[in-house]
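The values are calculated or read from the model by the stated rules, or taken from the named source; none is laboratory data. Since the structure is predicted, the reported quantities are computational estimates derived from the model, not experimental observations. Neighbour counts run over all protein chains shown; Cβ positions are idealised from the backbone, glycine included.
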Amino acid sequence: MRYLLCWLIFGSLVAGAQPSLFDELWAGGDTVTIELETDWKKLLRHKKDKVYQPTTLRVGGHALAGRVRSRGHIRLEVCRYPSLKIKLDKTPLGQLGYSDLNDLKLVLQCSNRTIADGYLRREKLIYDLHALVSDYYHRTVPIRLLAGKMEIAGFLIESEEQLAARYNATIVNSDQVSTRGLERGAYLNMCLFNYLVLNTDWNVFNLHNVECLSLNGSRDLIPIPYDFDYSGVVSTTYAVPHDGHNLRSVHQPKWLGRHVTEEELSAALIHYRHRKQALIDKVSTCPGLHPSHRERILDRIEDFYDAMNDPKALRSFVVRE
């Protein structure tokens, strides 16, 4: 760990920036054990309040003070363990050679049941698949969280500030965003990916499960999808399709792209066709994935590419104005 930190600091100085704690954890490439000391009874009892409370994060031999709160929406209703957001104190981070990017976002298994572990593995897999097909994606780090007497599986997901720093961009904070203001290649890529993983729980207009980056020097916004627990690939028992989509279940595919031309779609599909084997390999080698779910996801990939090679199906994706 110490050698890795020195290497990252050297590399970041060359690039003109310090590494963050998240950068180091991600670069390790392994599951990270994190201990979080806080009043867990209070946090779980009042998780819907989303109120920060004091915490100490222990990782890599260091104890870092900060604050923690629950985050999310539906998971607060249906899960025992909520997703978490941690804000670490910046001064100790700087003393350890890290940047002041102090936000950490944790996705935790919904409950202690085996089925919840499956949800977690499949959702992390979706983030891994997204990194194979898009230049703009969230990095994740698998974790083992020690919480008092509890041990909870989860993963860190790149925070907004971390994402913006990595892409030399700013996060768009707006109540409304038009699809016409998005960089078209990135928008088509996102639409195709959500279609692939059977995710209809997103909307650009109100930035529902979509983050938008404003890249320095560009007027077009880059959309990045996140939060896939309502997707058909994750297939949680609590996932239901939006009433407005006229779907029987989240396992039905539905194309949600808007104002798409044949030329745009054809260009976007070239990239996806080149990435098919990489997607298959990632699913085939995903550790801990139940055989039945592995087979189901591989079947979905094949169905996706069958549709992408069907001129009739593709014509239904095109909207002529």
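Below, the figures for the structure above:
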read-out	value
Residue check, Thr114 touching a strand residue (DSSP E or B) at 6+ places or on another chain (Cβ under 9 Å) and β-branched (Val, Ile, Thr)	no
Candidate set: the range 170-193, residues that are among the hydroxyl-bearing types (Ser, Thr, Tyr) and over 23 Å from Met308 (Cα atoms); chosen: the one farthest from the chain's Cα centre (by Cα)	Ser178
Checking Asp100 against (1) farther than 29 Å from Tyr230 by Cβ; (2) buried (at least 18 other Cβ atoms within 10 Å of the Cβ); (3) touching a Lys or Arg at 6+ places or on another chain (Cβ under 7 Å), the condition it does not meet	(2)
Count - residues of the range 199-249 that are in a loop (DSSP other than H, G, I, E, B) and of a type outside the set (Phe, Trp, Tyr)	29
Failed criterion for Thr179 (all others in (1) more than 30 Å from His251 (Cβ to Cβ); (2) assigned by TED's automatic domain parsing to the domain that holds Lys276 hold)	(1)
Test: residue in the range 175-196 that is without any contact (Cβ under 8 Å) to a residue 24 or more places away in the chain and either polar (S, T, N, Q) or over 24 Å from Glu263 (Cα atoms) (or both)	no
Top-ranked residue of the range 62-75 - restricted to ones that are modelled with pLDDT of 95 or more and surrounded by fewer than 18 Cβ atoms within 10 Å (Cβ to Cβ), ranked as nearest to Asp39 (Cα to Cα)	Arg67
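Okay, residues lined up against (1) more than 28 Å from Tyr81 (Cα to Cα); (2) crowded, with 21+ Cβ neighbours inside 10 Å:
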position: Glu161; (1), (2): no, no
position: Tyr167; (1), (2): yes, no
position: Ile171; (1), (2): no, no
position: Val177; (1), (2): yes, no
position: Tyr195; (1), (2): yes, no
position: Asn209; (1), (2): no, no
position: Ser214; (1), (2): yes, no
position: Leu221; (1), (2): yes, yes
